[in-house]
Amino acid sequence: MQGLLLKLSTLDADAESAVRVIAYFDSLLRDHVSVPTLLAATARLAQCPVGLLDAATGRRTRTSPRGAVDTPAEAPAQVRELSDGLGAVWMEREGPAHGLDEIVLERYAVAAEVTLERAAALARSGQDPALVELVLSAETGETERARALRLLGFAPSTPLQALAIALPDRGPDRGPDRGPDRGLAAGLRAMGHQVRATRIGDTEAILVATTLPRDLPEGSRVGIGPELPGARAAESWAGARTALRFTGPHDRVMRWSELGALALFADLPEAAVAGLADVRAMERLGEESLAAVRALCLAGSVRGAAATVHLHHSSMAARIARAESVLGFSLADAAGRLRAHLALALVRLRANLRSGTPA
């Protein structure tokens with residue numbers, strides 16, 4: 001600080017502007033901004049491109065005053081080294097330097113050190129689960145959610161998907177709560193996804209910053225919310241919980257985007273679902289007939305369904321006929337299969353409502 005004050009004493013008329021620069025970076029640090037946000041804010045202030053080398057990852061990032069981000073092949077010759085080997089920062093101004101460039105670069109370097117150290121500490125600790133819960137809560141205010149997102153390493157505009165995972169009931173003797181089951185979260189991290197996770201009641205909540213693959217690592221039942229900006233993560237979480245209600249032993253992963261009109265049934269009381277004649281009839285089917293109906297709904301034809309479950313088509317036709325006698329309607333046309341598909345989904349929904357799958 002003494003060195004900084006000496007520099008200010010030589011600035012004379014620019015001293016007030018220099019103090020504003022210091023206050024500007026102090027404000028960024030108080031807000032716990034992420035590294036990308038720090039770069040963008042510095043570039044806007046300096047009105048020239050600025051860069052940062054993160055020694056931990058070896059990645060170089062450059063941001064323009066308009067927010068354009070790129071990865072330069074190498075840093076310029078003149079850089080400001082950060083303490084403790086954290087990396088380096090630089091400014092890329094064309095033409096003569098401005099009077100406040102040295103102050104800006106110095107405060108930028110200090111802010112970069114603090115921000116990189118915070119990011120490393122969060123990574124080592126596996127993130128604060130309370131922050132994830134704060135981001136996902138519909139009760140969280142806009143400013144509070146934005147700050148929690150930044151602390152988790154996300155910008156409010158970052159596209160995120162929420163996942164709701166049904167955790168197994170370990171019974172009264174399961175011992176102390178040690179947080180969420182890390183199986184799927186660890187699997188997604190191994191696939192290169194940026195993941196934050198926590199446990200909310202009997203559900204594991206996961207935030208993912210990259211588009212999920214069609215095939216997820218096998219495990220528990222999973223509901224996947226829509227991909228939305230981080231500022232709307234609570235909406236994605238609500239969609240994920242709704243999708244989880246429609247999962248079952250044979251439909252372990254359900255996406256909100258694939259529910260369509262089924263989502264309208266999610267908030268029905270269990271008694272209302274149980275009172276539907278098609279649901280009651282579907283629940284009377286044995287497992288063999290249920291499997292046949294499920295295969296027919298997916299394949300669209302008896303021969304296709306038979307191939308799916310490795311049966312002769314005549315055997316599949318016999319099972320479908322037995323199912324039709326219980327259901328009371330034909331599965332030969334698209335309308336009948338749609339009716340059966342809806343009934344199967346509502347059977348899963350009722351089972352989850354009865355078992356207390358979180359809503």
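The values are calculated or read from the model by the stated rules, or taken from the named source; none is laboratory data. This is a predicted model, so every value here is computed, not measured. So basically every Cβ, Gly included, is an ideal-geometry build from the backbone, and we count neighbours across all protein chains shown. Please note that ligands, DNA and RNA were not included when accessible areas were found on the heavy atoms of the full protein model with its side chains. Shrake-Rupley method; radii C 1.70, N 1.55, O 1.52, S 1.80 Å.
Considering only protein heavy atoms, with the full assembly of protein chains and a 1.4 angstrom probe, order TRP256, TRP237 by accessible area, largest first. Please list the in-between numbers first.
Values: TRP256 95, TRP237 15 Å².
Largest accessible area first, the list is TRP256, TRP237.
Ignoring everything except DSSP H segments at least 4 long, calculate the 222 nm mean residue ellipticity for the chain; use -39,500 (n - 2.57) per segment, divide by total residues, nearest 500.
Working: 15 runs with 174 residues, N = 359.
After summing the helix terms and dividing by residue count, I get -15000 deg cm²/dmol.
Along the axis of the charge dipole computed for the chain (Cβ charges of +1 for Lys and Arg, -1 for Asp and Glu, origin at the Cα centre), the listed residues ALA295, ALA332, VAL208 are led at the positive end by ALA332.
Spacing of the modelled spin labels on ALA55 and ARG252, each 7 Å from Cα toward Cβ, amounts to 4.4 nm.
State in Å² the accessible area per residue of the chain; use a 1.4 Å probe, count heavy atoms of protein chains only, and round to the nearest integer.
Numbers: 18440 Å² over 359 residues.
Here the residues of the chain average 51 Å² of exposed surface.
Think of the chain as having a plus end and a minus end, set by charges on the Cβ of Lys, Arg, Asp and Glu; of SER314, MET91, LEU152, SER314 sits farthest toward the positive end of this dipole.
For region 222-235, 3J(HN,Hα) computed residue by residue from phi via the Karplus equation (6.51, -1.76, 1.60; θ = phi - 60°) reads 9, x, 10, x, x, 7, 9, x, x, 4, 10, 4, 4, 5 Hz, glycine and proline entered as x.
Counting Cα-Cα pairs of region 18-68 in 5 Å increments starting at 0 gives whole-percent bin shares of 5, 21, 25, 25, 18, 5, 1.
According to the square roots a ≥ b ≥ c of the eigenvalues of the Cα gyration tensor, what is the shape class of region 196-276, taking rounded for a/c under 1.5, prolate for a/b larger than b/c otherwise, and oblate for the remainder? Taking the square roots of the gyration eigenvalues as a ≥ b ≥ c, region 196-276 is prolate. Note on PHE265: accessible area is roughly 60 Å² with a 1.4 Å probe, heavy atoms of protein only. Could you identify which residue out of ARG319, ARG147, ARG241 has the top mean-square fluctuation in a GNM of the chain using Cα springs shorter than 10 Å? For the chain, modelled as a Gaussian network with Cα springs under 10 Å, the answer is ARG319. Dipole size of the chain about its Cα centre, with +1 on Lys/Arg Cβ and -1 on Asp/Glu Cβ: approximately 1340 debye, rounded to the nearest 20. A cut-off under 14 angstrom between Cβ atoms defines the neighbours of VAL347, and their net charge, with Lys, Arg +1 and Asp, Glu -1, is +3. What's log10 of I(q)/I(0) for region 279-359 at q = 0.27 Å⁻¹, Debye sum over Cα points only, no solvent? Debye output, listed in q order: -1.31.
Tell me, what does the Kirkwood hydrodynamic radius of region 216-359 come to in angstroms if you use every pair of distinct C-alpha atoms? Working shown, then result.
Values: mean 1/r = 0.0622 Å⁻¹.
One decimal place: 16.1 Å for the Kirkwood radius.
For ALA130 and ARG280, the difference between the fully extended length at 0.36 nm per residue and the C-alpha to C-alpha distance is 49.8 nm.
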